[in-house]
1. Sum up the lysine pairs in the chain that clear both bars: alpha-carbon distance under 20 Å and a spacing of 8 or more or different chains.
2. What is the packing order of peptides 274-287, 296-309, 24-37, 176-189, taking the mean over residues of other C-beta atoms within 10 Å and listing the highest first?
3. Name the residue farthest towards the positive end of the dipole of the stretch 342-413 from the options His371, Gly361, Ser342, assuming +1 on Cβ of Lys and Arg, -1 on Cβ of Asp and Glu, about the Cα centre.
4. What value does the stretch 93-218 have for Rg/Rh, both radii from Cα atoms and Rh as Kirkwood defines it?
5. Under the √(5λ) rule applied to the eigenvalues of the Cα gyration tensor, what semi-axes describe the equivalent ellipsoid of the stretch 252-436? Give them in Å, descending.
6. Of all the Cα-Cα pairs you can form in the stretch 155-231, what percent are over 15 Å apart?
7. Given Cβ point charges of +1 (Lys, Arg) and -1 (Asp, Glu) and nothing else, what value in debye, to the nearest 20, does the dipole of the stretch 373-473 about its Cα centre take?
8. Which whole-number percent gives the relative contact order of the stretch 239-380, counting Cα pairs below 8 Å spaced six or more residues apart?
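Bear in mind that the values in this text are calculations on the coordinates, not laboratory data. Since this is a predicted model, take the numbers as computed values, not measurements. Ideal geometry is used to build each Cβ from the backbone, glycine not excepted, and the neighbour counts take in all protein chains shown.
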Amino acid sequence: MTTYDHWIDGVAVPGTGDRFGEVFDPAVGVVRRRVRLGTAVDVDAAVSAARRAADSWAQTSVTARSRIMFAFRELLVRHEDELAAVISSEHGKTLDDARGEVVRGREVVEFACGIPQLLKGAFSDQVSRGVDSYSFRQPLGVVAGITPFNFPVMVPLWMHPLAIACGNAFVLKPSERVPGASDLVARLYQRAGLPDGVFNVVHGDKVAVDALLDHPGVDAVSFVGSTPIARYVHGRAGAAGKRVQALGGAKNHAVVLPDADLDFAADHIVAAGYGSAGQRCMAISAVVAVGSAADDLVERIRERTLHIAVGPGGADGVEMGPVVTAAARSRIAGAVAQGGKSGATVVVDGRDLVVAGHEDGFFIGPTLLDHVTPSMDVYRDEIFGPVLAVLRVPTLDAAIDVINANPYGNGTAVFTSSGHVAREFQRRVEVGMIGVNVPVPVPMAFHSFGGWKQSLFGDHHVHGTEGVAFYTRAKVVTTRWPRVREATPAPLAFPTV
Ligand code: NAD
């Protein structure tokens, strides 16, 4: 059985720990690989390697750093299928979906290839007589990235290409449930010409995370995961004096107005709710049907839900794979049961789904609940599984009230044919990423990704220009080069122009 080692200073190392995590194939429910769970000593080795590499990496010209990103991008293209296969086998998502995440992550590398332009400073000539002023940005030093299971390649790629292109060294602590892809990414960076020590991987759980949060050699932490852990990471790393961005969980609403094309809305809601078995931070989990839209919409979603092909992610024709663990499957089934008990109508029940030949896989079928209310746990909790909950409200105002009362604010979408409704919606919802007739409005790499409220702790969203700002610090220089001594002595009063 393969055991994933850490990757420190350009080599695979077993480290000092004697604990291992089990890496399942969720489609068959068996352990296929093991991963080492790093210790504080392993974290110190990775951070020390990163610190040693960081200085000379920061001195490397910005064009040389950009060229390495171009080379890394080509390798990601060449190894797309291999990365997708590892993702699918450890996470469970379909191969097409896994390829999609590799491509969306690669777009951040493509953005990072433009780092010379992104790091261009600003110059002001003659701000006073003989005085010029200019600003530029410098790397922070060592950045740690801590990532969730649901996007084993894309979410780390939100972080390290930009951090590294900005001149930082990086230590990644990937999810211990899906460690394989990070192993391959580390080797691709090396082949792209990245100096050893600039990109390191320490596998592990809370022990490794805490060691990173406390380590004085780590200057900044990018975290993506659930809200309780995001809050914790933000607090602990912040208390240790680090810059932190911590992206948390979500409850994403799709509001459907009676004037929407209901077939179009149902198609897209089904894709956004059940794609990746609902395990996306931007998945639609709550459908808010306004007024007369409700009955027709629920019927259209129901019809489509019944035809989704569920099976192992690597098989042809499969549209939805299993969820990541047996524990996740029981938690999701429990939430559906609780929803039914508290008065929701279970329109489609995926709990008893059995996939022939994969009886021990962690499968749960697409599930649709109607007449859900904001007080029910199945609405309040992040289910993170293939469950759509329909809430019925009378007006657009009521729909916006439901969204704004929710503690999360990651993504939301409105389905309508009215420009006026769309404009009202986008201006009034307290959510960071909004789709108009687009159910999963994940911003492109050249914009920034981030939610509001309990979906993000910290000031900066990830990637795009906010990512560049997060991974760098600004300096402003004011210069004067006098050729002759000035006739009058410098006044003691505060200088004005
Ligand atoms: P998680 O919070 O359990 O784990 C995330 C990371 O934190 C992992 O690397 C894990 O090892 C570590 N971790 C877990 N428990 C810890 C603890 N007690 N102390 C320190 N570190 C700990 O999240 P997950 O289950 O891997 O991923 C799913 C969650 O991530 C969902 O809530 C989803 O919404 C969220 N997510 C959010 C975004 C976003 O952009 N906002 C994107 C993807 C996923």
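1. Values: Lys120/Lys475; Lys173/Lys206; Lys173/Lys242; Lys206/Lys242; Lys242/Lys475; Lys251/Lys453.
Taking the Cα cut-off of 20 Å, the pair count is 6.
2. Peptide ranking by packing, descending: 274-287, 176-189, 24-37, 296-309.
3. So the residue furthest toward the plus end is His371.
4. Details: Rg = 17.9 Å, Rh = 16.3 Å.
Rounded to two decimals, Rg/Rh equals 1.09.
5. 27, 17, 15
6. On the way: 1681 of 2926 pairs.
Counting every Cα pair in the stretch 155-231, those more than 15 Å apart make up 57 percent.
7. Working: 7 positive and 9 negative charges, 41 e Å.
About 200 debye.
8. Numbers: 196 pairs, mean separation 28.4, N = 142.
Value for the stretch 239-380: 20 percent.
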